[in-house]
Each structure stands twice: as C-alpha cells, then as structure tokens.
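Student: Got a structure for you, questions after.
The values are calculated or read from the model by the stated rules, or taken from the named source; none is laboratory data. These numbers were taken from a predicted model, which means no experiment stands behind them. So basically every Cβ, Gly included, is an ideal-geometry build from the backbone, and we count neighbours across all protein chains shown. Just so you know, the surface numbers come from the protein's heavy atoms only, side chains and all, with ligands and any DNA or RNA stripped out. Shrake-Rupley method; radii C 1.70, N 1.55, O 1.52, S 1.80 Å.
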Amino acid sequence: LAPCLFGYMCKRVIHYIVGCRQRHPSTKIWISKIDWKSAYRRGHLNSATACKSLTQVVIGGTHLLLMALRLTFGGKPCPSEWGSLAEPVADLATDILNCPEWDPSELHSPRQSKMPPHVSLPPSVPFGAARSTIVDIPDEDMGKVDVYLDDKIAIGPDLPGMIPRLSACILLAISVFF
C-alpha cells in the first residue's frame with residue numbers, strides 16, 4: 001500500500017495558519033472545507049486488497065467470509081487506497097489556487113453554484129498573535145489545499161480575490177481529476 005499522509009494534516013494546517021498570522025497579523029484567514037464522504041464510499045478496492053480485507057462472520061453455525069468491494073471507513077487498507085486519489089486532487093487544487101492566470105469566475109466546476117456563501121466570525125472576535133516557531137514556514141500567501149481522508153480544506157489569508165479562489169479550487173480540481 002502507498003504510505004498514508006493524512007495523519008499529519010492538522011500539523012500542516014496549523015503551521016500554515018501560524019505562518020499566515022505571522023505575515024498578516026490583522027488579516028482574516030479563510031478556510032473552505034469540502035467533505036466528499038459519498039465519493040470515499042464509492043471508491044472501489046482493487047481485487048488483491050479486497051481479498052486481504054475479508055471479514056469472517058458466523059451465521060447459524062456457518063462460517064462466512066464477507067468481502068467489501070468498496071472502501072469502508074473501518075477497513076485498514078482503505079485510507080491508503082483513498083489517499084492515492086485524494087492526495088493528487090489536493091495537489092491539483094493547490095496548483096489551481098496558486099495559478100495567477102486562473103480566474104474562478106471564468107473557469108470553475110459545473111457544481112460551483114451549489115457552494116454556500118462564505119461566513120465570517122463577528123468583527124468583535126480578536127485576532128490571536130502568532131508566536132515565533134522553531135521551524136521555517138514557507139511564505140504561501142496564495143493559499144493551499146490539504147486533505148484528511150474524505151475532507152478537503154482550502155485555506156488562505158484574506159487578500160484580494162482570495163474568497164472566490166478558495167471557494168472554487170477544490171471543486172474544479174475534483175471535476176478535472178475525475
């Protein structure tokens with residue numbers, strides 16, 4: 001199985017937020033999340049992995065083996081199988097987000113109109129101050145996309161044009177990829 005990278009998503013996102021806050025101490029940081037749980041459940045296991053994932057049950061004294069042909073949330077190989085699809089989609093979404101020529105009003109997913117409008121915290125919520133870190137955090141002000149199993153997260157500082165880009169990049173990457 002391919003190595004799973006999803007276990008480090010929270011650390012990557014937190015580092016990104018801290019880096020944004022260090023560079024932009026009084027700017028909102030936007031996060032867009034898309035949950036594609038039904039897509040995860042439609043992902044097929046390859047035959048070798050399906051055979052290794054058999055579940056034994058006893059019904060009326062008869063021993064049966066059940067084979068899941070689709071990814072299950074409890075299946076040990078499933079995060080790795082899904083990661084082989086999800087990680088490249090996140091990378092493509094980041095590349096789209098960082099492309100200066102991309103105009104989300106011109107090129108977007110056919111499903112873009114289904115995205116809800118953005119919601120902001122009230123202005124009375126103060127910005128936290130970012131402390132210094134012992135690691136170098138890259139300057140990525142055009143935003144980035146990360147993935148945790150069936151959740152895609154686009155994140156970036158509130159710079160001109162960022163809201164429509166964060167709203168559209170993941171859906172466009174999914175449309176292009178599939």
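Student: Please indicate, with yes or no, whether at least one residue in the stretch 148-162 is touching a residue at least 40 places away in the same chain (Cβ under 8 Å), under 24 Å from His24 (Cα atoms), in contact with a helix residue (DSSP H, G or I) (Cβ under 7 Å, 6 or more places away or on another chain) and assigned to a loop (DSSP other than H, G, I, E, B).
Tutor: no
Student: To continue, here is another question. For Ser113, work out the one condition from (1) in contact (Cβ under 8 Å) with a residue 24 or more places away in the chain; (2) in a helix (DSSP H, G or I) it doesn't fulfil.
Tutor: (1)
Student: Could you grab the pairs with beta carbons closer than 8 Å, sequence gap of 6+ or different chains, first residue in the stretch 8-27 and closer than 16 Å to Ser132 by Cβ, second one aromatic (Phe, Trp, Tyr) and not in a helix (DSSP H, G or I)?
Tutor: As it stands, the answer is Arg21/Phe127; Pro25/Phe127, since those pairs meet every condition given.
Student: Right, next: Taking the condition of being surrounded by 16 or more Cβ atoms within 10 Å (Cβ to Cβ) and over 30 Å from Ala173 (Cα atoms), how many residues in the stretch 54-76 meet it?
Tutor: Going through the stretch 54-76 one residue at a time, the tally reaches 0.
Student: If you take the residues of the stretch 1-22 that are small (Gly, Ala, Ser) and surrounded by fewer than 17 Cβ atoms within 10 Å (Cβ to Cβ), which of them is modelled with the lowest pLDDT? Show your work before the answer.
Tutor: Within the stretch 1-22, the subset small (Gly, Ala, Ser) is 2, 7, 19.
From the residues that got through so far, the ones that are surrounded by fewer than 17 Cβ atoms within 10 Å (Cβ to Cβ) too are 2, 7.
On the way: Ala2: 73, Gly7: 69.
For the stretch 1-22, the residue satisfying everything is Gly7.
Student: Out of the residues in the stretch 28-46 that are over 12 Å from Lys152 (Cα atoms) and modelled with pLDDT of 90 or more, state the one that is surrounded by the most Cβ atoms within 10 Å (Cβ to Cβ).
Tutor: Restricting to residues being over 12 Å from Lys152 (Cα atoms) and modelled with pLDDT of 90 or more, the top hit is Trp30.
Student: Restricting the stretch 61-100 to residues that are modelled with pLDDT under 90 and touching a Phe, Trp or Tyr at 6+ places or on another chain (Cβ under 7 Å), which is farthest from Gly143 (Cα to Cα)?
Tutor: Filtering first and then ranking leaves Leu71.
Student: I'd like the full set of residues that are of a type in the set (Ser, Thr, Tyr) and either open to solvent by less than 100 Å² (accessible area, probe 1.4 Å) or modelled with pLDDT under 90 (or both), limited to the stretch 104-118.
Tutor: As a first pass, look at the stretch 104-118 and keep what is of a type in the set (Ser, Thr, Tyr): 105, 109, 113.
Ser105, Ser109, listed by residue number.
Student: Follow-up question, since we're still on this one. Can you confirm whether Pro25 is of a type outside the set (A, V, I, L, M, F, W, C) and either open to solvent by less than 70 Å² (accessible area, probe 1.4 Å) or within 21 Å of Cys169 (Cα to Cα) (or both)? Spell out the reasoning first.
Tutor: Values: of a type outside the set (A, V, I, L, M, F, W, C): yes; either open to solvent by less than 70 Å² (accessible area, probe 1.4 Å) or within 21 Å of Cys169 (Cα to Cα) (or both): no.
Spelling it out, it is not the case that Pro25 is of a type outside the set (A, V, I, L, M, F, W, C) and either open to solvent by less than 70 Å² (accessible area, probe 1.4 Å) or within 21 Å of Cys169 (Cα to Cα) (or both).
Student: Of all residues in the stretch 88-98 being over 19 Å from Ala39 (Cα atoms) and in contact with a Cys (Cβ under 8 Å, 6 or more places away or on another chain), which is surrounded by the most Cβ atoms within 10 Å (Cβ to Cβ)?
Tutor: Applying the first criterion (over 19 Å from Ala39 (Cα atoms)) to the stretch 88-98 yields 94-98.
Those still in the list that are in contact with a Cys (Cβ under 8 Å, 6 or more places away or on another chain) too: 94, 96-97.
On the way: Thr94: 20, Ile96: 21, Leu97: 25.
Applying the filter and picking the extreme gives Leu97.
Student: How many of the residues making up the stretch 119-144 are touching a residue at least 40 places away in the same chain (Cβ under 8 Å), under 28 Å from Tyr40 (Cβ atoms) and open to solvent by 10 Å² or more (accessible area, probe 1.4 Å)?
Tutor: 3
Student: A further question follows. Here are Leu166, Leu149, Leu85: which of them is aliphatic (A, V, I, L, M), out of contact with any Lys or Arg (no Cβ under 7 Å at 6 or more places or on another chain) and open to solvent by 40 Å² or more (accessible area, probe 1.4 Å)?
Tutor: Testing whether each residue is aliphatic (A, V, I, L, M), out of contact with any Lys or Arg (no Cβ under 7 Å at 6 or more places or on another chain) and open to solvent by 40 Å² or more (accessible area, probe 1.4 Å) leaves just Leu85.
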